Amino acid sequence: RFLTEELAPQWNKIAGEWLTLVAGNSYAGLFTLHVLLNYPGTFDTYIAIDPSLWWDKGCFQKQVERQVDKVDFSGKQLYVAFATQPRPDRKLSHFSLTDDFIGSAVPRMEKRHLRVVSKKFPEETHGTVALPGFYDGLKTLFFRSAVGISLPNKPL
């Protein structure tokens, strides 16, 4: 409520037509996806780095399946990055949820006019993917388009 009803209107008064962005890593990455699905008009760009898709037994994927066909993502873009190396200190195995998200949720969101770039980082763990993920997300979504290079919906 704070983001959609208080912060966004104030930001729009200040920024006007500027592109707005929300980004998060881990639980904040899941929050970013939640805002995209439930309040897509709040921001223009969403960057989710290794979102905690495993949270609450993967309930976000179920929510996507129920809701995505009702949402119009026109003019919105999502960059989502995933680590592919297991963390040595944890026994979480969430890689199948990552694959389900990329294989099922992403195509359904693209059909609803969302521009999606997803990328796996083969040498990163959940604890190390934030910096390269954010850097690559910003560079992919903004730098190349700022210099006049068009971007496909797939990673470069």
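The values are calculated or read from the model by the stated rules, or taken from the named source; none is laboratory data. Computed from a predicted model, the values in this text were never measured in an experiment. Glycine gets a Cβ as well: all are built from the backbone with ideal geometry, and neighbour counts include every protein chain shown. Heavy atoms of the whole protein, side chains included, go into the accessibility calculation; ligands, DNA and RNA do not. Shrake-Rupley method; radii C 1.70, N 1.55, O 1.52, S 1.80 Å.
Just to be sure before I move on: is residue 104 among the polar types (S, T, N, Q) and at pLDDT 85 or above in the structure I sent? Quick ask: steps written out before the conclusion?
Details: among the polar types (S, T, N, Q): yes; at pLDDT 85 or above: yes.
Against the criterion (among the polar types (S, T, N, Q) and at pLDDT 85 or above), residue 104 qualifies.
Is one or more of the residues making up region 1-19 of a type outside the set (Val, Ile, Thr), in a loop (DSSP other than H, G, I, E, B) and under 15 Å from the mean Cα position of the chain (by Cα)?
No, region 1-19 contains no residue that is of a type outside the set (Val, Ile, Thr), in a loop (DSSP other than H, G, I, E, B) and under 15 Å from the mean Cα position of the chain (by Cα).
Would you confirm, using the coordinates I've provided, whether residue 143 is modelled with pLDDT of 95 or more and either among the polar types (S, T, N, Q) or open to solvent by 40 Å² or more (accessible area, probe 1.4 Å) (or both)?
Numbers: modelled with pLDDT of 95 or more: no; either among the polar types (S, T, N, Q) or open to solvent by 40 Å² or more (accessible area, probe 1.4 Å) (or both): yes.
Against the criterion (modelled with pLDDT of 95 or more and either among the polar types (S, T, N, Q) or open to solvent by 40 Å² or more (accessible area, probe 1.4 Å) (or both)), residue 143 does not qualify.
Please enumerate the residues belonging to region 4-30 that are at pLDDT below 85, open to solvent by 20 Å² or more (accessible area, probe 1.4 Å) and not β-branched (Val, Ile, Thr). Talk me through it step by step, then tell me what you get.
First, pick out the residues of region 4-30 that are at pLDDT below 85: 4-20.
Checking which are open to solvent by 20 Å² or more (accessible area, probe 1.4 Å) leaves us with 4-7, 9-14, 16-19.
Correct list: 5, 6, 7, 9, 10, 11, 12, 13, 16, 17, 18, 19.
Need pairs with beta-carbon distance below 9 Å; first residue over 26 Å from residue 131 (Cα atoms) and within region 48-67, second of a type outside the set (Asp, Glu) and open to solvent by 10 Å² or more (accessible area, probe 1.4 Å); sequence gap 6+ or separate chains.
As it stands, the answer is 63/34; 63/38; 64/104; 64/108; 65/104; 65/108; 67/38, since those pairs meet every condition given.
If you go through region 46-65 one residue at a time, how many are modelled with pLDDT under 95 and either hydroxyl-bearing (Ser, Thr, Tyr) or at negative phi (or both)? So that I can check it myself, show each step before the final result.
Residues of region 46-65 modelled with pLDDT under 95: 52-65.
Filter once more, so that each one left must be either hydroxyl-bearing (Ser, Thr, Tyr) or at negative phi (or both): 52-55, 59-65.
Total meeting the criteria: 11.
Check every one of the helices (runs of 4 or more DSSP H) wholly within region 73-138 and list those with 2 or more residues that are acidic (Asp, Glu). Give the derivation first.
Working: elements: 95-100, 106-111, 130-138.
Because the criterion is at least 2 residues that are acidic (Asp, Glu), the helices (runs of 4 or more DSSP H) in region 73-138 that meet it are 95-100.
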